[in-house]
Structure formats: C-alpha cells, structure tokens
Amino acid sequence: MVNLLLILVVVLLFVTLTLLLRGDRRFSPLEYYARGKEVGFAFQEARAILEMSRIAGVTDPTATLWSIRELDSCIKAFDKKFRAEGKERDRSTLHFMEKLYAFRKRLEFEQPKYKSGIASSRFIRPNQRVRVLVEGVGVYSSTVIDSNERYLVISYPVGGRIPSGFQWKGSKVSVYFWRQEDAGYIFDTYVLEDLRIRDIPVLQLGHSESLLRTQKRKSLRVRSRMPAYLYLLKRLEGAYEKPERVPGLKCIVEDLSEDGVSVLIGGRGKTGLLVKAQFYIGDDQIVISGTVKGIEYDVEKKQSLLHVEAMLPSPRMRNMIRSHVYNVGPGDGGISVPELDERPFSG
C-alpha cells in the first residue's frame, strides 16, 4: 500500500512539474526532449532544433517536433545557415539534414488525408486522369469529365490502335488511376454508352463500389512547370548525377519527388528508356536519372508525359530535392518555361 502511494505521489509531482514548466506553451521542455528521443534525435540535435526554431521566430519552439509548419520554418533556417557558412556539403550537415527531412516526411504521412482512401468510384473527381485496360485489346489514356449517381463520363480513350470492329459499348474494362496525395486505385466495370456530348465523343462507365487501393504514396510529390534537358543513357550506373555539359532534349518537368520525376516531351516516348533529367531550381542544379516506367501520350498535342522512376539519389541530391518539395528551399527565381523540342526522342 505504501509503495502504491509513493508511485502515485511521484506521478502527481511529475504531472505538476510538467504543467508548471509548460507555462503558456503547448509542451514543456521535458515533453520536448522526450519527443526528440522518441523520434530518433540525440539530445544535442534536439537542442539545436529548439534553438534554431527560436532564431526562425517560431512562436512556440517546443511545438516544432509536432507541427509541420513550425518544423518547416526550422528546416528553412537551418538550410539558410548552412548555405551561408558553406557547410551544406559537409558530411555531418548532410547526415543531420537527412534526419530532419526523414522526420518531416514522417509528419507529412501521419496526416489523416494519407490514411483514408475511397471505396467507391463516385468519389472520383472531374479532370482525374485514368488508364483504361481492355483485356486482349490494349491500354488507353483518358480523363474523367463528369460523375453523377449513375455513371462516370470519360473522354474517348487514346494511346493505341483499336482493332477493326471493336465496340466500346458493353465491353468490360479495368480502370486504373492515381489519386493525388493518396494512392493508386483499380476497379472493373462495363462501358454503358459510347456517345457524343456537344459533338465530343465520350464513354459512360458504370460505377463500382469495390475499388482496390494499391501503391500508397511513399514520398511527397510537388507539381511544377520547370524547363529541363533530357538525355538518353546507356546505363544508370556511374555518372547518374554528373551534370552534362551539352544541351539535351528540351523538356518540361511536370512534377518532382525524391523517388522520381515526370517530364513532358514532344513526340512519342516509350517505356524502358534510361534517361537523365537536368534542371535548375533557383541556384540548385538537380540531376535525376532513372527508368521510364509509364507514358501518357496526347495524340492531339503530339506530346508524351514520361513517368521516370529514379535511382536512389545521393544524400546531397535527395536533400536538395526535398527542400523544394517541402517548399523550404531558396525558390525558383521566376523561371520561364520554354517550347518543347520537336526532335524525336527514342532509344
């Protein structure tokens, strides 16, 4: 009984001390350093984060290890400090920033919007890009135009030859799409109608209540419109991050993440190509090499959007990419977007 009372007194004293130390802050220093240890920061690293948060003007520095907004302010301040001191390439700096960005990624994906998905095609929004697969026929690209209680309306599928005599109406199709900030989905359905709306050919697809959620997002992707050069590679090993000295094929970076990049080129591309994308964001030169895993070809514009799965970047390159993905880098400097090359790009 005495032991139980002693434990209770100790707990109450700890709670009282914690509340007193909090003051008008959300968390006390005890809670802050306990959190730092829990998420993998050494005491000295946690203290450095706390001090930098104060320098960055964070209202409540003890909240930095819980809040994305406060953490972003802290990371931006660290990035500015290391660049000013010329230490951004130091091994210790790269290691520390790698830990900070890994924790930033963890906070990002702990948000509810990444954990909840959709179960019905009725939640698909207009302008969603989809891939339509017909077994034994081919895979085609399309865009959702409208959705109502009865069916989805999609643009006429393009991207491949359709066999003579084939009819969309009544065909069973598999529909795949990537939902922004969520995951990939696939479902089976039937084409209800093949018709024209305002003289535009469209398909009506029956809804499905059995969406299969696949390929949850592993890294944050940022949309962009940045000019870049694209190069064909014979192999990825070796100079995959070494900048090229001569101009390549003009292209446009449509989105970017630490896992890959999507680039828009003129003409028709193909999967399996080994490529290198090279471009600037502000003063940072980004070089990403990888394999083209998917293509979206626009027949009318004669352009291809290449989805490139990147080789694992070096810590320095990964940190630079993350700084711009999380919008804590120095910025893009108002870059203008050039016209695409008309030269063929193929292996």
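Return the total of residues in the range 39-52 being touching a residue at least 24 places away in the same chain (Cβ under 8 Å), not hydrophobic (A, V, I, L, M, F, W, C) and not in a loop (DSSP other than H, G, I, E, B).
1
Looking at E209 and the list (1) surrounded by 15 or more Cβ atoms within 10 Å (Cβ to Cβ); (2) more than 15 Å from R131 (Cβ to Cβ); (3) among the charged types (D, E, K, R), which single condition is not satisfied?
(1)
For the range 53-125, list the helices (runs of 4 or more DSSP H) that sit wholly inside it and hold at least 2 residues that are among the hydroxyl-bearing types (S, T, Y) and in the same structural domain as Y32 (by TED's automatic domain parsing); which are they? Give the steps one after another, and end with the answer.
Working: elements: 68-85, 91-109, 112-115.
Once the helices (runs of 4 or more DSSP H) in the range 53-125 are filtered for at least 2 residues that are among the hydroxyl-bearing types (S, T, Y) and in the same structural domain as Y32 (by TED's automatic domain parsing), what remains is 91-109.
Only residues that are surrounded by fewer than 19 Cβ atoms within 10 Å (Cβ to Cβ) and within 22 Å of K218 (Cα to Cα): list them for the range 255-270, please. Steps first, please.
In the first step, residues of the range 255-270 are kept if they are surrounded by fewer than 19 Cβ atoms within 10 Å (Cβ to Cβ); the result is 255, 257, 267-268, 270.
Hits for the range 255-270 are D255, S257.
Going through the range 212-224 one residue at a time, which ones are loosely packed, with under 14 Cβ neighbours inside 10 Å and in a loop (DSSP other than H, G, I, E, B)?
Matches in the range 212-224: Q215, K216, K218.
Determine, yes or no, whether I281 is of a type in the set (A, V, I, L, M) and either surrounded by 20 or more Cβ atoms within 10 Å (Cβ to Cβ) or assigned by TED's automatic domain parsing to the domain that holds V139 (or both). Talk me through it step by step, then tell me what you get.
Working: of a type in the set (A, V, I, L, M): yes; either surrounded by 20 or more Cβ atoms within 10 Å (Cβ to Cβ) or assigned by TED's automatic domain parsing to the domain that holds V139 (or both): yes.
Answer is yes for this residue.
Name the strands (runs of 3 or more DSSP E) wholly within the range 144-201 that hold at least 1 residues that are at pLDDT below 90?
Strands (runs of 3 or more DSSP E) meeting the threshold: 172-178, 184-197.
Filter the range 268-289 down to residues that are of a type in the set (G, A, S) and modelled with pLDDT under 90 and give me whichever is farthest from V328 (Cα to Cα). I'd like the intermediate steps shown before the answer.
To start, the set of residues in the range 268-289 that are of a type in the set (G, A, S) comprises 269, 272, 277, 282, 289.
Among the residues that remain, those that are also modelled with pLDDT under 90 are: 269, 282.
Details: G269: 33, G282: 12 Å.
My answer is G269.
Scanning for something aromatic (F, W, Y) and surrounded by 15 or more Cβ atoms within 10 Å (Cβ to Cβ), does the range 36-44 turn up at least one residue? Spell out how you get there, then give the answer.
Initial filter on the range 36-44 (aromatic (F, W, Y)): 41, 43.
With surrounded by 15 or more Cβ atoms within 10 Å (Cβ to Cβ) added as a condition, the list becomes 41.
Scanning the range 36-44 turns up at least one residue that is aromatic (F, W, Y) and surrounded by 15 or more Cβ atoms within 10 Å (Cβ to Cβ).
If I ask for residues that are farther than 20 Å from G184 by Cβ and either free of Cβ contacts under 8 Å to residues at least 24 places away in the same chain or among the charged types (D, E, K, R) (or both), which ones from the range 294-326 would you list?
Within the range 294-326, D298, E300, K301, K302, L312, R316, R318, R322 meet the criteria.
The values are calculated or read from the model by the stated rules, or taken from the named source; none is laboratory data. Fair warning: this is a prediction, and the values are worked out from it, not measured in the lab. Cβ atoms come from the backbone with ideal geometry, glycine included; neighbour counts cover every protein chain shown.
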